[in-house]
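Read through the structure below, which is laid out as structure tokens, and then see the notes.
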Amino acid sequence: MVYLHVPFCRSFCTYCSFYSETCSKSRQDTLFSEYAGAVVRETEERSEEIRNNPFRTIYIGGGTPSVLPLDVLSRIVSGIRNAQDGEPLREFTIEVNPEDIVEKGEEYVAGLLSLGVSRISMGIQSFDDGILRWMNRRHDSERAVRAYSIIRRTAQEARKDVDVSIDLIFGLSQLDENTWDRTLTSALALGRDEGFRAPDHISAYQLSIEEGSALEEMAARGDYSEASEDVCARQYSVLCSRLKEAGYGHYEVSNFALPGHEAVHNSAYWTRIPYVGLGPGAHSLTVLQTAEGRREIRSWNTQVLPGRGMEAYTREVEELSPEDVRIERIMLALRTAAGIGESDLRSLAGEGNVDSFLKDGLLERKGNGCLRIPESHFFVSDEIIRELV
Ligand code: SF4
């Protein structure tokens, strides 16, 4: 399982606090080539770790991976594929920005598909142009629809099957119920006019004020106040019912998929399969089987400071304590509809705790020996998990 972090964006979105650097078109050639060189070096240094990871997926996220030209992507991907011994991939996802897809067109999408991309995740976020401007997104709703159509048309012409996932955001204080409902209608109508299928996968996140984001400053100045929990809960409930009606399974708190189109890489991450994170700012999880037992190591590449070369990133390492592992296992598993084995949860969270949560309806039995949070309580899953751990 390989994650590649692409730390470049053309501009910063209001709500975002991810590690990324803006790259102007005039500086990009030098930056991208330094970046590719550094990632290829890291891939070579960690080739054994990549080869020994049996779960064959690639996920390119960011930042905005679609700012990278095809030749830069191709250089990086062939390094990763070499380290994976060219074995068939279970999934290869890349995150894209709708504006890049419209600007670069079918040739770019065809190039992605020939690199082996099997899943494209597009950050649409909203179909309301006022909200998109407030978010400081580069695209508008019309460009999002065009980008979707370019991806589907290119895949059809190339006779390649590609899954398309889109991201949406709810819970903004200026998002009223009608606008949210129209956004969901537009999302579900993508591709319909041209006879293409709707998105295979939809991720929907509640807006939060992240430390270091422009939104945090706006809120501090009094220029933004958060939507109430009631409003967010209503929007989440509309989201769940609209997507259920349209045939999507709700397989994780923020993720919905048509049957058989669940994200393989993300699902593996939720079950804590080890992963190798490449590129500045990327995290990795390594599991070592030693004579003393299982050891889990979290490591992360440093984020490159502006003005320093991309080759400057290094890796920091921390061994997870049994308590860290216990909490993480509960947290990740209970955000999914698959849940967690009842005996595992009893040993991780305590018999009494589990019994009382079952009695209060905050956990339910799935019928295959697993327990999960009922979908009707997904909206408050973080609170339930906090209480349980
Ligand atoms: S949301 Fe995506 S495109 Fe926007 S600043 Fe963050 S990483 Fe960049």
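The values are calculated or read from the model by the stated rules, or taken from the named source; none is laboratory data. Because the structure is predicted, anything quoted here is derived from the model rather than measured. Neighbour counts are summed over all protein chains in view; Cβ atoms, including those assigned to glycine, are modelled from backbone coordinates with ideal geometry. Side chains are part of the model used for accessible areas, which takes the heavy atoms of the whole protein and leaves out ligands, DNA and RNA. Shrake-Rupley method; radii C 1.70, N 1.55, O 1.52, S 1.80 Å.
Applying a threshold of 7 Å to beta carbon distances and a minimum spacing of six or more residues, or different chains, the list of pairs starting in the stretch 1-24 at a residue that is of a type in the set (D, E, K, R) and ending at one that is within 7 Å of the ligand (Cβ to nearest atom) reads 10/64.
Comparison of 102, 72 shows that the only residue that is among the aliphatic types (A, V, I, L, M), closer than 30 Å to residue 172 by Cα, out of contact with any strand residue (DSSP E or B) (no Cβ under 8 Å at 6 or more places or on another chain) and in the same structural domain as residue 132 (by TED's automatic domain parsing) is 102. Residue 352 fulfils the conditions (1) under 19 Å from residue 233 (Cβ atoms); (2) over 27 Å from the mean Cα position of the chain (by Cα) except for a single criterion, (1). Would you say residue 283 is under 14 Å from the mean Cα position of the chain (by Cα) and not assigned by TED's automatic domain parsing to the domain that holds residue 94? Criteria met by residue 283.
Evaluate the following for residue 57: is it more than 15 Å from the ligand (Cβ to nearest atom) and either of a type in the set (Asp, Glu) or within 27 Å of residue 274 (Cα to Cα) (or both)?
yes
Might you let me know whether the stretch 14-34 holds any residue that is more than 15 Å from the ligand (Cβ to nearest atom) and either closer than 30 Å to residue 157 by Cα or within 23 Å of the chain's Cα centre (by Cα) (or both)? Taking every residue of the stretch 14-34 in turn, at least one turns out to be more than 15 Å from the ligand (Cβ to nearest atom) and either closer than 30 Å to residue 157 by Cα or within 23 Å of the chain's Cα centre (by Cα) (or both). Tell me whether the stretch 84-99 contains one or more residues that are under 17 Å from the mean Cα position of the chain (by Cα), open to solvent by 20 Å² or more (accessible area, probe 1.4 Å) and within 16 Å of the ligand (Cβ to nearest atom). The answer is yes; a qualifying residue exists. Can you say whether residue 72 is touching a residue at least 40 places away in the same chain (Cβ under 8 Å) and either closer than 29 Å to residue 187 by Cα or of a type in the set (Lys, Arg) (or both), as far as the supplied structure shows? For residue 72, the condition - touching a residue at least 40 places away in the same chain (Cβ under 8 Å) and either closer than 29 Å to residue 187 by Cα or of a type in the set (Lys, Arg) (or both) - is not met.
The residues of the stretch 103-156 that are open to solvent by less than 20 Å² (accessible area, probe 1.4 Å) and either farther than 30 Å from residue 56 by Cα or among the basic types (Lys, Arg) (or both), listed by number, are 119, 126, 131, 132, 135, 139, 144, 152. Taking strands (runs of 3 or more DSSP E) as the structural unit, those lying wholly within the stretch 278-379 and holding at least 1 residues that are open to solvent by 20 Å² or more (accessible area, probe 1.4 Å) and either on the phi > 0 side of the Ramachandran plot or small (Gly, Ala, Ser) (or both) correspond to 293-301.
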